[in-house]
Protein chains: 2
Amino acid sequence: MKKVGIAIIGLGTIGTGLYKLIMQNGDLIRNKSGINITINKAVDINKAKKDELNIPNSVFTTSVDEALNSKEVDIVVELIGGTTTAKNVILKAIGKGKHIVTANKALLAQYKSEIVPLLVSKKLELGCEASVGGGIPIIKTLKEALVGNKIHKIIGILNGTSNFILTKMIKEGVSFKEALKTAQKLGFAETDPTLDISGGDAKHKITILSSLAFSTEVDINKVFVEGIEKIDKLDVSYAMELGFVLKLLAIAERVDDGIIVGVHPALVSEKNPLAAVNWEDNAIMVYSDFLGKSMYYGKGAGANPTSSAVVADIVDIALKIKSNYEYNPKVYSFFNNLKQLNFEESNYRYYFKFNVLDRPGILSKISGILGNHNISIASVIQKEVEEKNEYVPLIMLTHRALEKNVRNAFKEIVNLKEVKDKNAIIRVIDD
Amino acid sequence: MKKVGIAIIGLGTIGTGLYKLIMQNGDLIRNKSGINITINKAVDINKAKKDELNIPNSVFTTSVDEALNSKEVDIVVELIGGTTTAKNVILKAIGKGKHIVTANKALLAQYKSEIVPLLVSKKLELGCEASVGGGIPIIKTLKEALVGNKIHKIIGILNGTSNFILTKMIKEGVSFKEALKTAQKLGFAETDPTLDISGGDAKHKITILSSLAFSTEVDINKVFVEGIEKIDKLDVSYAMELGFVLKLLAIAERVDDGIIVGVHPALVSEKNPLAAVNWEDNAIMVYSDFLGKSMYYGKGAGANPTSSAVVADIVDIALKIKSNYEYNPKVYSFFNNLKQLNFEESNYRYYFKFNVLDRPGILSKISGILGNHNISIASVIQKEVEEKNEYVPLIMLTHRALEKNVRNAFKEIVNLKEVKDKNAIIRVIDD
């Protein structure tokens, strides 16, 4: 039996979950892996945590330094969150020669290129499975299971809050505001839900995933983001009639020698398994050359699923460092120097909704503008409206077109005097 | 860069795929993992394979012994299939101190308990990711990603042929025979499809998965099997009306101190992501204590997906054996001695279809029998039949009941003089 000593820094939701998991399933982990995880230090500024979790005096401390200085600690598990203190803790821990496990997506998305070289120079390991998709083993899958594959594309439903809200809108026909209210009431959305519904959280996650999938640096500031705040429930129901469901997707795609990374709402064909990922669940579809399409689905947040991922990281690192192993810096290297293209270079099919004056000639005017921008129409539906209204919704699905052209055409069309407001433009994913 | 030498034994579909993958993505694998896979020997009785794949003289051989005797070979990749020659090759390879990678589900399901102790006694590794779910990394997930979890249940769609046939029946309303014919025409079913449609193939796979998930020996002879040959298209369409899709499921469940393992058709609620796994695709849903529900989806067969899994195994083993590592027998140990219960001890909800004489009193007669066997009814639908027919289908969904009781009740009911043939009994999975 091999002992590995850990320090848990931060006993919030995840830290508490992790402590409980190791207490509850420690024997199981020993039996399955031969690794005996010993919590040498558990750190929190809130002293009440000691009694709440029944942590021994020798283990609980309010001092991060005490934990980092402990010689028994092999792995520091950073579960503080945020990017200032957490970053300091990690850098200090690396300085002390500790391996790192973290669930901190914001930190990794922004400072990975600062942390990793330091880590590698000291021959230390970094586990970050819990930073993306909660307990879904997507990092391990990309790094290990797909080691023989060139990855073309990743599409993720990476934000449970947004997916809950959109599922509510789809299943019950309610507005964004109503759905958000329910999500908040049930604890699936924060009081300030901005980071989730604006796509910011998914942006952190797709930055981490794409840099790993394509073995290249990804600049979070160049990742395109569009949230779900402006989704109209009408578009949700029109999409359903057309055989699509609306999802907030995080997409990273390889395009020749470059990559394009973005987060935005999209219509997903009902034939795509991502369409069946509902409520607060997460999933990641990976498109690669040999394996083809594969998808990984599960709970993307919460104390228990996230702790499951943290423990897997701890055991993986322990199996290495307790085995007289040879350090392999390759797994942290970004050997591809891929250019991160502007999102305007994307190619998608598009869904348009224009609220137009019900007059002859308007369709030909709009399709003329689309044609001028090299956008060809796949299908058109003019919705009948019950109330007396001279404006009617005109729904269009296009063939694949260049985002840049689509934006220009859209701008031109919505400026037509026959077109009212509340128009929409949403990207479409078939399979 | 670390070199690992492999011998590919058998250049059939998968062996050929593997050879091509390593030729095509060898650089990528080196960059991602630091492992340089060298094919030292490629063995096939068909000499034409040498030219077809452009294999150097020094590498191609028709002699298994030549490959096993090569000192450069670290890992023997057995891709012969079948259980006689393949078993001999593996045992011989172990005798020569070679690590083993295999995709051979039939062999592992039947002889794992013979092979593994020998392997462990020689401190050798076994990679078998490709034996279940093609390229889906379910073995790695169970062993590593879920190391901190107690697993309660596994439900797999593990046979692509059956899933293709059932999907065809669901989407197009055709009969089993017609769907099978299409599957054969498109290459998704063999000329003799017995092993696939009878559930035999899925039985091999769930035997491997369940022994791993529950860390216990599983006797393949005690695994319950019911195939899809007798599925009536009427039941497929009635199920759809009730919000279910019909799938062939392989299920392994932990029940107190025992496990129950079986393969059978089942109605899956449309709310369950497994319901969206269509055509030849595979997926495995895992229910565990901390991660909760997680699902792994992808191509369950074919040269490329399977090769992807084989390469992942090779790299995993190479990273260990080329690193002066310490052998960890724990990952091969069955530390749980769980009793494999008879399938009659299962608890399911059930779908019944009885073709009954349209007379007063019959429903009360049937529900009386069910009640006597402790089976309570959740809902009943009496279908109207267009043609003039004194027999009408009576559809029932039950609450959870004991399989043993259900079988007895069913027997009693179909023996009633008011009940005609073509009755059905199908297990129900909600989520």
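The values are calculated or read from the model by the stated rules, or taken from the named source; none is laboratory data. The structure presented is a predicted model; accordingly, all values stated were derived computationally and were not measured. Glycine gets a Cβ as well: all are built from the backbone with ideal geometry, and neighbour counts include every protein chain shown.
The condition (being surrounded by fewer than 22 Cβ atoms within 10 Å (Cβ to Cβ), without any contact (Cβ under 8 Å) to a residue 60 or more places away in the chain and β-branched (V, I, T)) is satisfied by just one residue among B:T83, B:T13: B:T83. Exactly one residue out of B:E384, B:E326 is within 14 Å of chain A (Cβ to nearest Cβ) and acidic (D, E): that is B:E326.
Looking at A:S323, A:S364, A:S376, which one is assigned by TED's automatic domain parsing to the domain that holds A:D74 and among the polar types (S, T, N, Q)? Walk me through it before giving the result.
On the way: A:S364 fails: assigned by TED's automatic domain parsing to the domain that holds A:D74; A:S376 fails: assigned by TED's automatic domain parsing to the domain that holds A:D74.
Step by step, each of A:S323, A:S364, A:S376 is checked, and only A:S323 is assigned by TED's automatic domain parsing to the domain that holds A:D74 and among the polar types (S, T, N, Q).
On the basis of being within 11 Å of chain A (Cβ to nearest Cβ), crowded, with 20+ Cβ neighbours inside 10 Å and among the aliphatic types (A, V, I, L, M), does B:A303 make the cut? No.
Whether a residue is part of a strand (DSSP E or B), over 24 Å from the mean Cα position of the chain (by Cα) and more than 8 Å from chain A (Cβ to nearest Cβ) was assessed, and B:V356 passes this test.
Yes/no per residue for (1) within 22 Å of A:K87 (Cα to Cα); (2) outside the structural domain of A:I314 (by TED's automatic domain parsing); (3) crowded, with 19+ Cβ neighbours inside 10 Å; (4) of a type outside the set (F, W, Y):
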{"site": "A:G26", "(1), (2), (3), (4)": "no, no, no, yes"}
{"site": "A:N31", "(1), (2), (3), (4)": "no, no, no, yes"}
{"site": "A:G34", "(1), (2), (3), (4)": "no, no, yes, yes"}
{"site": "A:I39", "(1), (2), (3), (4)": "yes, no, yes, yes"}
{"site": "A:A42", "(1), (2), (3), (4)": "yes, no, yes, yes"}
{"site": "A:I45", "(1), (2), (3), (4)": "yes, no, no, yes"}
{"site": "A:P56", "(1), (2), (3), (4)": "no, no, no, yes"}
{"site": "A:T61", "(1), (2), (3), (4)": "yes, no, yes, yes"}
{"site": "A:E66", "(1), (2), (3), (4)": "yes, no, no, yes"}
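For the condition surrounded by fewer than 16 Cβ atoms within 10 Å (Cβ to Cβ) and under 30 Å from B:D257 (Cβ atoms), what is the one hit in B:A401, B:A378?
Result of the check over B:A401, B:A378: B:A378.
There is at least one residue in region B:353-362 that is at pLDDT below 95, at positive phi and out of contact with any helix residue (DSSP H, G or I) (no Cβ under 8 Å at 6 or more places or on another chain).
Give, as residue ranges, the helices (runs of 4 or more DSSP H) completely inside region B:113-203 that count at least 3 residues that are among the β-branched types (V, I, T), at pLDDT 95 or above and under 17 Å from B:I228 (Cβ atoms).
B:160-172
Residues considered: A:N347, A:N337. Of these, the only one that is of a type outside the set (K, R) and modelled with pLDDT of 95 or more is A:N347. The residues listed here are B:K98, B:K171; of these, the one that is within 14 Å of chain A (Cβ to nearest Cβ) and among the basic types (K, R) is B:K171.
Tally the residues that are farther than 18 Å from A:L107 by Cα and within 13 Å of the chain's Cα centre (by Cα), restricting the search to region A:198-224.
1
Could you say whether any residue in region A:187-197 is buried (at least 24 other Cβ atoms within 10 Å of the Cβ) and either touching a Lys or Arg at 6+ places or on another chain (Cβ under 8 Å) or within 14 Å of another protein chain (Cβ to nearest Cβ) (or both)? Within region A:187-197 (the criterion being buried (at least 24 other Cβ atoms within 10 Å of the Cβ) and either touching a Lys or Arg at 6+ places or on another chain (Cβ under 8 Å) or within 14 Å of another protein chain (Cβ to nearest Cβ) (or both)), the answer is no, since none of the residues qualifies.
Only one entry of A:K293, A:K322 meets the criterion of being within 22 Å of the chain's Cα centre (by Cα), over 26 Å from A:I165 (Cβ atoms) and charged (D, E, K, R), and that entry is A:K293. Among the residues of region B:268-284, are any more than 14 Å from every other protein chain (Cβ to nearest Cβ) and in a helix (DSSP H, G or I)? No - not one qualifying residue is present in region B:268-284.
Take the conditions touching a residue at least 40 places away in the same chain (Cβ under 8 Å), more than 23 Å from A:T207 (Cα to Cα), part of a strand (DSSP E or B) and more than 9 Å from chain B (Cβ to nearest Cβ) and apply them to A:V245. Does it pass? For A:V245, the condition - touching a residue at least 40 places away in the same chain (Cβ under 8 Å), more than 23 Å from A:T207 (Cα to Cα), part of a strand (DSSP E or B) and more than 9 Å from chain B (Cβ to nearest Cβ) - is met. Within region B:78-93, the set of residues being under 26 Å from the mean Cα position of the chain (by Cα) and at negative phi comprises B:E78, B:L79, B:I80, B:T83, B:T84, B:T85, B:A86, B:K87, B:N88, B:V89, B:I90, B:L91. Within region B:310-350, the set of residues being within 19 Å of B:R427 (Cβ to Cβ) and in contact with a strand residue (DSSP E or B) (Cβ under 7 Å, 6 or more places away or on another chain) comprises B:Q340, B:L341, B:F343, B:E345, B:S346, B:N347, B:Y348, B:R349, B:Y350.
Of the residues in region B:274-291, not one is assigned by TED's automatic domain parsing to the domain that holds B:L158, of a type in the set (A, V, I, L, M) and in contact with a Lys or Arg (Cβ under 6 Å, 6 or more places away or on another chain). Taking the conditions (1) buried (at least 20 other Cβ atoms within 10 Å of the Cβ); (2) part of a helix (DSSP H, G or I) in turn, A:V218 satisfies each one other than (2). Close Cβ contacts (under 6 Å, 6 or more residues apart or on different chains) running from residues in region A:405-431 that are under 14 Å from A:H264 (Cα atoms) to residues that are outside any loop (DSSP other than H, G, I, E, B) and small (G, A, S) comprise A:R427/A:A266; A:I429/A:A266.
Looking at B:I228, B:I206, B:I197, B:I251, just one residue is in contact with a Pro (Cβ under 6 Å, 6 or more places away or on another chain) and within 22 Å of B:A283 (Cβ to Cβ), and that residue is B:I228. Scan region A:189-224 residue by residue and report those that are of a type in the set (G, A, S) and either touching a Ser or Thr at 6+ places or on another chain (Cβ under 6 Å) or over 30 Å from A:E144 (Cβ atoms) (or both). Matches in region A:189-224: A:A189, A:S198.
Of all residues in region A:133-159, exactly one satisfies the criterion of being charged (D, E, K, R) and either more than 10 Å from chain B (Cβ to nearest Cβ) or in contact with a Gly (Cβ under 9 Å, 6 or more places away or on another chain) (or both), namely A:K153.
Can we say A:G227 is in the same structural domain as A:M169 (by TED's automatic domain parsing) and either at pLDDT below 95 or out of contact with any Ser or Thr (no Cβ under 7 Å at 6 or more places or on another chain) (or both)?
Judged against the criteria, A:G227 is not a match.
Restricting region A:322-343 to residues that are among the aliphatic types (A, V, I, L, M) and assigned to a loop (DSSP other than H, G, I, E, B), the residue that is surrounded by the most Cβ atoms within 10 Å (Cβ to Cβ) is A:L338.
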